[in-house]
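Report on the structure given below.
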Amino acid sequence: MSAPTPPSLGAATLLVAGREITTQLRSKAFLISSALLLLAVLAGIVVSSLLAGRDSAAVPVAAPTAVAAQVGELKGVDVQQVPDEDAALAKVRDGSVKAALLPGTGSVPRVVVLTSTPQAVVDALTVTPKVDVLEPDRAGDGVVRYVVSLAFGLVFMMAAITFGSTIAQNTVTEKQTRIVEILLSAVPVRALLAGKVVGNSVLALGQITALVSVAVIGLAATGRDDVLTLVGAPLAWFVIFFAVGFVLLASIYAASAALVSRMEDLGAVIQPVTWLTIAPYFVVVFFNDNPVVLAVASYVPFSAPVAMPVRMFVGGVGWAEPLISLVLLVVATVAVVLLAARIYERSVLRTGPRVRLAEALRRSAG
Amino acid sequence: MIELEHVTRTFGERRALDDVSFVVRRGRTTGFVGGNGAGKTTAMRIVMGVLTPDAGQVRLDGRVLDPATRRGFGYMPEERGLYPKMKVVDQLAFLARLHGYDASTARARAMDLLERLDLAARAGDPVDSLSLGNQQRAQVAAALVHDPDVLVLDEPFSGLDPIAVDAVASVLVAHARAGAPVLFSSHQLDVVERLCDDLVIIAGGRVVAAGSREELRAAHAGSRFELVASDTGWLREVPGVQVVEFAADEAVFDADEATAQEVLRAALVRGPVRRFGPVVPTLAEIFRELMADGAVHDGAAHDGAQVAA
């Protein structure tokens, strides 16, 4: 009988986590759905940039050489040089350009159009005073704010539900097949729980990081640097918040699932944590224009991972605010993980009818 | 040596184990026999620490079991369980690694066991694609993959064909001979009889008989003998002989040892004796006798009725 030294708690946790990860990475369903998700994000960015590009397609105008030289490059306007004024007018009449720029008064040319005035041309020629904004309202556009809130909320909800349910299902599978009895004859209960949470957190964080990377690369590649500067910091914080916030939810998923012994009972028992996972999405989608609700939500541990990045995108968040919120989240996570470990430890070997929560907290295992 | 001492466990109103004590010796296979609901699984789960006893304790070599010691145990639970979608060899290697083997040794051990259990050809298949018999072999392998110091198997032979029974049995016996206490439960009394060195018979949560197979059989042998010779009709006339069964050239009779020896001598004088010897009851016969003797029966534990002592 030459059994080797059993692995330490940490080593056992890593082994369990490794199994969770490799099993998931070998699953075709997981790989396909992840690839589709990444493609969807990429497609969204490309399509939105194409739409944005079409709006600002340069308006063709014709101008005699002298005027063309005078106006130089105009934003949103494609200036075509023609020999003289008549040639320019002819192009307006045959519709090949929207307007002709003719010598006007002073440095501002005269604009001749056929029927309607292209706003872009007028805008380009209008001299506007230089304005310095001291406190820019960066996301003043309600639509943009809505879309960004939706994106953060949706990504968080989908990733947390996907990997949270995986933890819950694996926990019940282990109970249902009783492999948990074999596993626990090898490793401590805590290693089993920690390994599950760590493994799926790594996967979830990996997926989130991949999504964020694709979004950043996509925005950079399509020349949307303006958007990138606005969402860069919130995105980075989102990843950090997600890493902690997911562990919080994951431990609740595991503890909830440990209460039941059959897959049929799983839905009912994980309903509360499912609501906790979905709630942040509704908060930011419905209240993204309500600073008070958003501010409160950005400090509540369950909604902070979504609400704080959204607030940062909207603007007006002090540098210390995300740090304070993160500390609150970490404290809440540690407390919940300890509680979840207790419930998990006392329930995972109990088969048969659903274990009542109070009972799991009170009674010892067996 | 594993020792259960006065182990009692109650589920609600039902007393599943009532002051159960027995030993499982090193180097020997111990068969755990009893009807449905007799308490076999409960006792095994208590040995494994999956359940805690209400009273009593379990020792290994004199020391009360703790989780660290139990980590050296190999266990096959009542309900079969391995990860359904995981490949057999990956699964076994994973379990071996949880016990502390490095990756390559773990894999080598897994493959070696699969060879010995005739399952090597299916090593790369997911567990849920295997037949029930093969899943069972994989389950036995899972209990053995870390070279356990103690082996506890709940019904390792159920659902196996005779060839698979032999494959599993040879692995278990080899493991016992290497020095481990091996405890397994079974309904298949013929298998238990063939395989076990020691026996523990349990009914209604109480141990009704325990000891080595030979001791048990001898204890229940009584004084019954069998004689096969050219003519046995004269036996009826011998004083002190009670004929139980009789055919032309074959008789089964009860007598004390001295009378039986006289019968043999008399038979040899009368003609050739083809067979003579004590009739040793089969395990199945002993089991039925015990079940009939006691007020205990299978239903007792189910109904929650207290077993009359």
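Only beta bridges with both residues in the protein assembly as shown are counted; by DSSP, about 65 percent of them are antiparallel.
Between B:Asp112 and B:Arg270, the distance separating the two model label sites (each 7 Å from Cα on the Cα→Cβ line) works out to 6.0 nm. Packing, as the average of other Cβ atoms within 10 Å across residues, places the peptides B:228-239, B:5-16 in the order B:5-16, B:228-239, highest first. Using just its DSSP H runs of length 4 or more, each adding -39500 (n - 2.57), chain B gives a mean residue ellipticity at 222 nm of -11000 deg cm²/dmol after division by all residues. Computed over Cα pairs, the Kirkwood radius of the range B:2-214 leads via Stokes-Einstein (0.692 mPa s, 37 °C) to a diffusion coefficient of 189 µm² per second. For the range A:179-286, trypsin sites (Lys or Arg not before Pro) meeting the loop criterion (DSSP other than H, G, I, E, B) and having at most 16 other Cβ atoms within 10 Å: A:Arg262. Normalise the Debye intensity by I(0) for the range B:219-278, one equal point scatterer per Cα, no solvent, then take log10 at q = 0.18, 0.20, 0.26 Å⁻¹ and round to two decimals. For the requested q values the scattering log ratios are -0.51, -0.64, -1.12. Provide the percentage of antiparallel DSSP beta bridges, counting only those with both residues in the range A:59-125; round to the nearest 5. If we restrict to bridges inside the range A:59-125, about 40 percent are antiparallel.
So how tilted is helix A:320-347 from the main axis of chain A? Cα-based, degrees 0 to 90, rounded to 10. It works out to around 30 degrees. Measure nothing fancy, just the Cα-based angle from helix A:189-221's long axis to the longest principal axis of chain A, in degrees from 0 to 90, nearest 10. Compared with the principal axis, the helix lies near 10 degrees. Legend: P(r) of the range B:1-113 from all alpha carbon pair distances, 5 Å bins from 0, whole percents, reading 2, 10, 17, 19, 17, 15, 11, 7, 2, 0. Our analysis of the range A:59-125 gives Rg over Rh at 0.90, with the two radii drawn from alpha carbon positions and Rh computed by the Kirkwood formula.
Which value, in Å to one decimal place, does the Kirkwood hydrodynamic radius take for the range B:155-201 when every pair of different Cα atoms is included?
11.0
When the helices of chain A are scored as -39500 (n - 2.57) per DSSP H run of n ≥ 4 and the total is divided over every residue, the value at 222 nm lands at -23000 deg cm²/dmol. Counting every C-alpha pair in the range A:211-319, the share spaced more than 17 angstrom apart comes to 61%. Plugging the Kirkwood radius over Cα pairs into Stokes-Einstein for the protein assembly as shown, at a temperature of 10 °C and a viscosity of 1.306 mPa s, what D comes out in µm²/s? Once the numbers are plugged in, D ends up at 51 µm²/s.
Taking label positions 7 Å along the Cα-Cβ direction at both A:Gln119 and A:Ala40, the computed distance is 3.3 nm, reported to one decimal. Relative to the longest principal Cα axis of chain A, at what angle does helix A:9-25 sit, 0 to 90 degrees, rounded to 10? Once rounded, the angle reads 50 degrees.
Expressed as a whole percent, how much of the Cα-Cα distance distribution for chain A exceeds 39 Å? Counting pairs separated by more than 39 Å, the tail of P(r) holds 38 percent.
Near A:Ala63: Cβ cut-off under 14 Å, other residues only, Lys/Arg at +1 and Asp/Glu at -1. The net charge is -2.
Shape analysis of the range B:16-76 based on the Cα gyration tensor places the equivalent ellipsoid semi-axes at 18, 15, 12 Å, largest first.
A P(r) calculated from all alpha carbon pairs of the range B:57-116, with 5 Å bins opening at zero, reads 4, 16, 20, 21, 17, 12, 8, 2, 0 percent. The modelled label-to-label distance between B:Glu285 and B:Glu226, using points 7 Å beyond Cα along the C-beta direction, is 0.8 nm.
The residues packed around B:Gly271, meaning those with a beta-carbon under 12 Å from its beta-carbon, carry a net charge of 0 if Lys and Arg are +1 and Asp and Glu are -1.
Each reported figure results from applying straightforward, stated rules to the coordinates on display, with no laboratory input. Owing to the predicted nature of the structure, the values given are computational and were not obtained by experimental measurement. Don't worry about glycine lacking a Cβ; one is built from the backbone with ideal geometry, like all the others, and counts go over all protein chains shown.
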